[in-house]
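The values are calculated or read from the model by the stated rules, or taken from the named source; none is laboratory data. Everything quoted here is computed from the prediction, not taken from an experiment. Positions of Cβ are backbone-derived with ideal geometry, glycine not excepted, and every protein chain shown enters the neighbour counts.
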Amino acid sequence: SAVISQKPSRDICQRGTSLTIQCQVDSQVTMMFWYRQQPGQSLTLIATANQGSEATYESGFVIDKFPISRPNLTFSTLTVSNMSPEDSSIYLCSAAVGTGELFFGEGSRLTVL
Amino acid sequence: AQKVTQAQTEISVVEKEDVTLDCVYETRDTTYYLFWYKQPPSGELVFLIRRNSFDEQNEISGRYSWNFQKSTSSFNFTITASQVVDSAVYFCALSELADSWGKLQFGAGTQVVVTP
């Protein structure tokens with residue numbers, strides 16, 4: 001299995017500011033992903049964090065709004081830029097391990113005022 | 001189009017009752033993976049099972065069991081003798097080979113409420 005740690009676990013932010021969420025995996029993984037879970041909703045994939053290259057974004061998500069970095073095989077960051085109340089969500093990092101399982105971090109609960 | 005359908009929004013049971021969660025999926029791929037996750041009130045996603053499309057054998061893990069039926073595109077999940085700690089939202093998810101491994105499409109989730 002893999003242990004995935006996210007920071008911060010929760011935050012309250014002001015409209016117009018940006019927040020960077022960190023995701024650390026306790027082992028090297030080939031693939032990392034970022035998901036969003038809006039209040040009372042299911043999870044939606046934001047992007048695949050590619051090591052050493054630009055992230056691959058899903059329809060409806062753009063790099064300017066959600067810049068992602070992945071400098072190595074154990075770490076990634078997601079920034080939520082120019083936040084609005086609609087960005088209030090749980091943001092989850094996930095990693096695919098060799099056993100075929102996909103693990104998730106505990107999530108970062110973001111509230112934008 | 002919704003690729004994973006969990007038609008049950010909420011299921012309420014009394015402790016020790018069995019509960020079955022339905023999951024119907026849609027894909028044109030012949031190789032795909034199906035998952036179940038549990039999300040307790042604390043919010044973290046707990047991995048329960050991954051099943052590939054070539055393995056239709058049903059699986060049992062303790063009080064949990066899964067019934068995979070390709071003929072009906074269903075991957076149902078049963079909790080036997082439910083307990084209060086089973087109260088959570090349960091998500092079914094699909095990963096298609098056409099996508100990169102690890103990209104999951106989630107169903108809407110089913111809230112399970114187990115009362116003493």
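Rundown of residues vs (1) facing another protein chain (nearest Cβ under 10 Å); (2) assigned to a strand (DSSP E or B); (3) surrounded by 14 or more Cβ atoms within 10 Å (Cβ to Cβ), yes/no style:
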| site | (1), (2), (3) |
| --- | --- |
| B:I49 | yes, yes, yes |
| B:F54 | no, no, no |
| B:S65 | no, yes, yes |
| B:F77 | no, yes, yes |
| B:V112 | no, yes, yes |
Review point. Picking from B:T9, B:T31, B:T5, which residue would you name as being within 28 Å of A:S9 (Cβ to Cβ) and within 14 Å of another protein chain (Cβ to nearest Cβ)?
Key: B:T9
Practice item. Grab the strands (runs of 3 or more DSSP E) fully contained in the range A:1-94, keeping just those with 2 or more residues being among the hydrophobic types (A, V, I, L, M, F, W, C). Key: A:10-13, A:19-25, A:31-37, A:43-49, A:75-80
**Study point:** Top-ranked residue in the range A:71-94 [being over 19 Å from A:I12 (Cβ atoms) and of a type in the set (A, V, I, L, M, F, W, C); ranked as nearest to the other protein chains (Cβ to nearest Cβ)]
**Key:** A:C93
**Study point:** Count of residues meeting criterion [without any contact (Cβ under 8 Å) to a residue 40 or more places away in the chain and aromatic (F, W, Y)] in the range A:1-44
**Key:** 0
**Study point:** Residues located in the range B:10-32, provided they are among the polar types (S, T, N, Q) and not in a loop (DSSP other than H, G, I, E, B)
**Key:** B:S12, B:T20
Review point. Got at least one residue in the range B:84-98 being part of a loop (DSSP other than H, G, I, E, B), modelled with pLDDT of 95 or more and away from every other protein chain (no Cβ under 14 Å)?
Key: yes
Exercise for review: State all residues of the range B:33-47 that are over 11 Å from the mean Cα position of the chain (by Cα) and part of a strand (DSSP E or B); if no residue qualifies, say none.
Suggested key: B:Y33, B:Q39, B:V46
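Would you point out the residue of the range A:95-108, among those that are part of a strand (DSSP E or B) and within 7 Å of another protein chain (Cβ to nearest Cβ), that is surrounded by the fewest Cβ atoms within 10 Å (Cβ to Cβ)?
We begin by selecting, within the range A:95-108, every residue part of a strand (DSSP E or B); these are A:95-96, A:102-104, A:108.
Narrowing further to those that are within 7 Å of another protein chain (Cβ to nearest Cβ): A:96, A:102-104.
Working: A:A96: 22, A:L102: 25, A:F103: 20, A:F104: 23.
Among residues in the range A:95-108 that are part of a strand (DSSP E or B) and within 7 Å of another protein chain (Cβ to nearest Cβ), the one surrounded by the fewest Cβ atoms within 10 Å (Cβ to Cβ) is A:F103.
What about B:L104, is it within 13 Å of chain A (Cβ to nearest Cβ), under 30 Å from A:R10 (Cβ atoms) and within 15 Å of the chain's Cα centre (by Cα)?
Numbers: within 13 Å of chain A (Cβ to nearest Cβ): yes; under 30 Å from A:R10 (Cβ atoms): yes; within 15 Å of the chain's Cα centre (by Cα): yes.
Yes, satisfied.
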